[in-house]
1. Which cross-chain or sequence-distant (5 or more) residues have an amide H under 5 Å from the amide H of LEU356, H modelled 1.01 Å from N in plane?
2. What 222 nm value per residue comes from the helices of the chain, counting each DSSP H run with n ≥ 4 as -39,500 (n - 2.57) and dividing by all residues, nearest 500 deg cm²/dmol?
3. Counting only C-alpha contacts under 8 Å and six or more residues apart, can you give the relative contact order of the range 228-287 as a whole percent?
4. Please list, in order along the range 362-378, the HN-Hα scalar couplings obtained from phi with the Karplus expression 6.51 cos²θ - 1.76 cosθ + 1.60 (θ = phi - 60°), rounded to whole Hz, x for Gly and Pro.
5. Once you keep just the Cα pairs under 8 angstrom separated by 6 or more residues, what percentage relative contact order results for the range 293-413?
6. With a 10 Å radius around each residue's Cβ, average the other Cβ atoms per peptide and rank 86-97, 335-346, highest first.
7. If you average the alpha carbon positions of the range 167-219 and of the range 240-290, how far apart do those two centres end up, in angstrom?
8. Return the label of the correct value of semi-axes √(5λ) of the Cα gyration tensor in Å, as calculated from the structure shown, out of (1) 55, 30, 19; (2) 86, 29, 18; (3) 34, 31, 27.
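Quick note: the coordinates plus some simple rules give every number you see, no bench work behind them. For clarity, every value in this text was computed on a predicted model and none was experimentally measured. Here Cβ is always computed from backbone atoms with ideal geometry, including for glycine, and neighbour counts include all displayed protein chains.
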Amino acid sequence: MAVAFLALTVTVGRTQTCVVNWTNLCQRIDGFGASSAWQGGWTAAKADMFFSTNTGIGLSLLRNHINAASSTSATATPNTSETSIMQMAQARGALVWSAPWTPASGFKDSGSPNGGNYRGSGNNITNLNYASQLANYVASMKNTYHVNLYAISVQNEPDYSTTYESCLWNGSQIHDFVTNLNNALVAKGVGSTKIIVPESQNWSDNPGLYTPALNDSNTAAVVSVIANHNYVPDNVNGDTTTPAALSVSGKALWETEVSQIGGAFDGSIANAIYWAGRIHLFMTAAQANAWHYWWLIPLASNTDNEGLTDTSGNPAKRMYVLGQWSRFVRPGYYRIGANNTGSARISAYKNTNSSLFAIVAVNPNSGAITQAFNLTNFTATSVTPWITSATMSLSNQTPVAVGGSSFTYTLPAMSVVTFVGQGVVPAPNAAPDLTPVANLVINAGFPLQVTNVATDPNLPPQSLAFSLLSGPAGATLNTLDATNAVFAWRPLVNQANSTNAISVRVADSGSPSLSATNNFMVTVNPLTNPVIGSVTVSAGQVNLAVKNWGLQGPNYTLLTTTNLAGIWQELYTVSSTNSPVTQMIDTNFTGPVRFYRIQIGP
C-alpha cells in the first residue's frame, strides 16, 4: 500500500529545541484503544501483547461489538462474542466499552440487521424497549461476566447505511434516546456507565447528530462523550488534513475508529510513521481525550490495513507506534505544553498525582535529528527512551541524564521515541521560615549576639536577604551566610533599665518576594553601683578593696585626682568580674592627697 508522508533529510548536529512546560495544562487523557469486534477467544499471550503495560503496548481502552437482540421485547438482552477478551482486557487494567452496529430488526424500517432507519422518537415504545435492552446488556455484562462497562455507545456510524449491520439515526432521535437510555441504566443499577454519541463515520462532517443533545441541558447532562470516526473518501492513503478541535460543550472528545481500508497489508515503519503523525495531530490539534484504531486483529477476510496486526496476529509497526503513547500515557494523565522549533512532532504528558511524565517525539524524516529538550517549571534526574524504528519495536534504551533541567538525544530516522521520567516539581513560592528567638534579659555593657536561622522551603532554594527592621541605637545585623544572620548589640550604661523591641526580617528572591519576621524583646537591667571598701597603703602602693562590682556587663574604670576640682586621671579599665572582692592598685602617686572613684561605662 502506498502511504503519503513527508520525507526530509535532517543533518545530525543541527540541534532542534523543544520547551516542555509542566504548568501549561491541556486536555485530560482517557486512553488509547482499538476494537475486538466479532472476535472469539484469545490466548493470554495475545491479551498481554495488546493490554499489558509490562510486556505489551498497554492499550487502556477496548471497544467491542454488541450483537442485537432477536426480538423487540423490553426484556430481551443483546450479547457479544467477545466476553473472554473483555475480561482479559479488564484484568490488565483496560477500560471496556461497547457499541451496537444495529438495534433489533423490528426497531428499524428495513426489518433487517443491514441498513434501514431507526423508528424511535420521543418516549415511544421503540425507544423505551430498545433502551431497556441495552441496559439489560450492561447489567448482564456486570452480573454474569463481571465486566464493568465504562461506557456504551448509542450507535456505530448512525450516518452510514451499508450492506452489513448498520442503522441510520438523526440528531433528534439521538437526543430523544439518550434520556431513555440513561433512565434504563439507572433502573438496572448500572447508572454509572457513560453514554457515548454519535460515532459518526467522519470526524467533523456531521455535528447535527450530537448538537441537539448538547443544546438541551437535560439531555446534555446524561451525555459524557462525543465521539467520531476518522474515515475519508480515500481511506487507502488516509487522511492528510489536520483534525479540527470540535465544539463539544466540555464533554470528553474521543476518536473511536480509523484505519486504511483497501489495498494490501503494510506493516512497515513508513506506514507506522503516518499513524504516529495522525495520533500526534489528534492529541495536539484536535485535543482529543482518547484515540482508537479500528481492529486489534482483523478478520481473515480483511487483508488490508484494518488491524494493528495482520490476520494471523503478527504485529505491524503501527501497533508498536501506538504503544509509544498507550503504554506510558495512561488514563488520567494530562497533555502539557511542548513547543518545538524543528521538524520533529513532539507532545508531552504528565500524571498530576505521581509526577510521572512522558514525552513522545516523532521523527518523520529520513535523517536523524539532534533534539534538545528544555524542561520548564520542573526537572528530572534522568529519562528513559523507548524507541520504535525500522529496527526496534518499543525497545527501552539506556537512561539519559538530565542536567540543568535539559537533555539532548538523537532521534533516529523514521522513528518514534518516548522519554519516560519522574518529574521533580518546585513547590509554589512559599515564604521562608525563621527559627523563633526567645525574649532576653541582659545587663548594660553585656555583648549580646543572637543568630537568626532561616530556611527556604522552595525547590530549588531561593536566595535570602536579611534586614533589621527595628532595634535600639547601636544594634547591628550581620549576614553570616545564605541562611544565618547575627543580631549584635552591647547596650550603653544610659540604656540600662530599658525594654527594647527587635524585629529581624528575611525575604526570598521569588516573584513576588515573600518574607518572615522574628520579633523579640531585650530587657536591660537597672545599674547597681559598685562600693569601695577599705583603702590601705603598703610598700609604696595604694590598695583599694571593692566590695561590690555591681552587675556583670559594663566596664569599670579607676580614676584618681589630687584635687577634687581638678582633672581626673584614668588609671585603668577592666571589664566587670565576679563579686565580692577585687583589688584595684595605684602605684603612681606623689602628692600627699589623692582621691579615687570608679566610673561605669560605656
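1. Answer set, sorted by chain and number: ASN351, GLY423.
2. Result for the chain, helices only: -4500 deg cm²/dmol.
3. 47 percent
4. My calculation for the range 362-378 gives 9, 9, x, 8, 7, x, 6, 10, 8, 10, 9, 10, 9, 8, 10, 6, 6 Hz in order.
5. Relative contact order of the range 293-413: 19 percent.
6. The peptides rank, most packed first, as 86-97, 335-346.
7. Here the two parts' Cα centres lie 23 Å apart.
8. It is the value labelled (2).
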